[in-house]
Every structure is written in structure tokens, then in C-alpha cells.
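The values are calculated or read from the model by the stated rules, or taken from the named source; none is laboratory data. Computed from a prediction, not measured in an experiment: that's the story for all the values here. As a convention, Cβ positions derive from the backbone with ideal geometry for all residues, glycine included, and neighbour counts pool all protein chains shown. Just so you know, the surface numbers come from the protein's heavy atoms only, side chains and all, with ligands and any DNA or RNA stripped out. Shrake-Rupley method; radii C 1.70, N 1.55, O 1.52, S 1.80 Å.
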Amino acid sequence: TFILPRLEAVLAEVVEGRLPFATRVLCSIMRGLTDGPYGILILILAAAMVLSHSLYRSARRHRDRKGFFLWHGDLLLWSLPFVRGFEKRLAMVQVLELLRISLTAGCPVNEAIRGTLKLDVNLFLQKRLQRWLDRVERGEGIAESARRCGLGSALAWAFDSGADTANTPAILELLESHYRSSYVYRVNLTRYILWPVGIVLVGLMVGFVVYAIF
């Protein structure tokens, strides 16, 4: 806003002919951010993202299941290919843990499934759990209905009628441990990848500005 316009005017007087390509690119970016609408649009977009994230977190805290921001936020998290894996694994850890505790305490399967509907999980996974509960209460097989509702073959295997039902809590505990380990591994791997990539990008940006000026 203050430095680059004056520097550009000075360089235009000193340098004979056109400025170097990198310098012209930097000046074009500067003019687009200060004189054009792009700077305002970037600020508005950044403010909208911060506000939307704040309202989404508030809706999750208050469990506003029918809220506008909660629904659209869960839709976005469930639709993005890379983020969906994190969302599903974290939710399955909670679901499997509650199912295991409920069955160990002697609750019927339908009541155990009904308890998972109160968890703070993604709304689209919650809809699958609701469909699973409806099918079970209509008399359908527990394992087959879980598979048809898109809850995964692993969860269906835990309730397979061909296996010993007494081992279902132990199988759920095994699946819970698997999903938890997978989630932690992916989080750590993403952190280890994104931090160096972010540092390299910031370094390239600063290096470009230094090169364009000098």
C-alpha cells in the first residue's frame, strides 16, 4: 500500500526500459490488491470463513441438529474426499465405544443403536445409524442391515449371526482400537506433511518478493 507504489515509481525512473518480469508480476499483484476489488474480496472471504467456522463450532457445542451452519458444515466435511476419512474414523470410534459399553451392560441391540443417535457425530453418519435402527426394529438382520446402511462390513461382521454373539463386545473393542489407531496415524501423518509444505510455500513467497524487489 505504501512502499511498493513508491518503489515502483523510483525504479521506473532509474531502470531503462521495462522492469524485470518478476518485478512487474509483483507490482501487478500489488495493484490488484490495493486498487482493484481483489483485496476487498479476500478480506470478505476470510471474514466469512472465520465467522462460518465460529458459528459451526457453536452449533456443534449446542447440538443444534437442525441448524443451518451445522448441516452445511457437516455436508462439507462429509463431501471432501480427504477430510471425510478423518470425520468417519473419529465418529466410528465414538459409535463403537458406545455400542460396546451398552452391550456389555446388557442393553438390547436396538437400544444400544438408539444411544448412538445422541452422540456428537456427523449428521450424515447419524442418518445411517437412524436407518440401521429402523431396519433392526422392523425385524431385519442386524449385520445385513448395517451393511445395507453403509456402516461398513467390519461393523456388520461384529454382529454376524454366524459368529458367537457373546464375542460381539470383544469384536467391537477390536474395531474401536483399529479405527482409533488409524485416525491417530492419519492425523500425525498429515501434520508431518503439511508443516514442511507450509514452510516451503512461505519461503517461496518471501523469496519471490525479495527477488522481485532486488
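Structure values in brief
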quantity: Heavy-atom accessible area per residue - the range 62-197, 1.4 Å, Å²; calculated: 57
quantity: Simple label model, 7 Å out from Cα along Cβ direction - V197 to L43, nm; calculated: 3.0
quantity: List E97, E176, ordered by accessible area with a 1.4 Å probe, largest first; calculated: E97, E176
quantity: H72, H178, reordered so the largest accessible area comes first (probe 1.4 Å); calculated: H178, H72
quantity: Exposure rank, largest accessible area first [W195, W71; 1.4 Å]; calculated: W195, W71
quantity: Rounded to the nearest 10 Å², the accessible area of M49 at probe 1.4 Å; calculated: 120
quantity: Distance from the range 182-200 to the range 7-25 (C-alpha centre basis), Å; calculated: 40
quantity: Given [x] 113; [y] 136; [z] 152, the label whose value is volume of the Cα convex hull per residue in Å³ derived from this model; calculated: [z]
quantity: Percent accessible area from carbon and sulfur atoms, the chain, protein chains only, probe 1.4 Å; calculated: 66
quantity: Kyte-Doolittle at least 0.5, axis length at least 18 Å by Cα - qualifying DSSP helices, the chain; calculated: 21-34, 38-62, 81-104, 168-213
quantity: Efficiency of FRET from Cβ geometry, I29 and L51, R₀ 30 Å, rounded to 0.05; calculated: 0.70
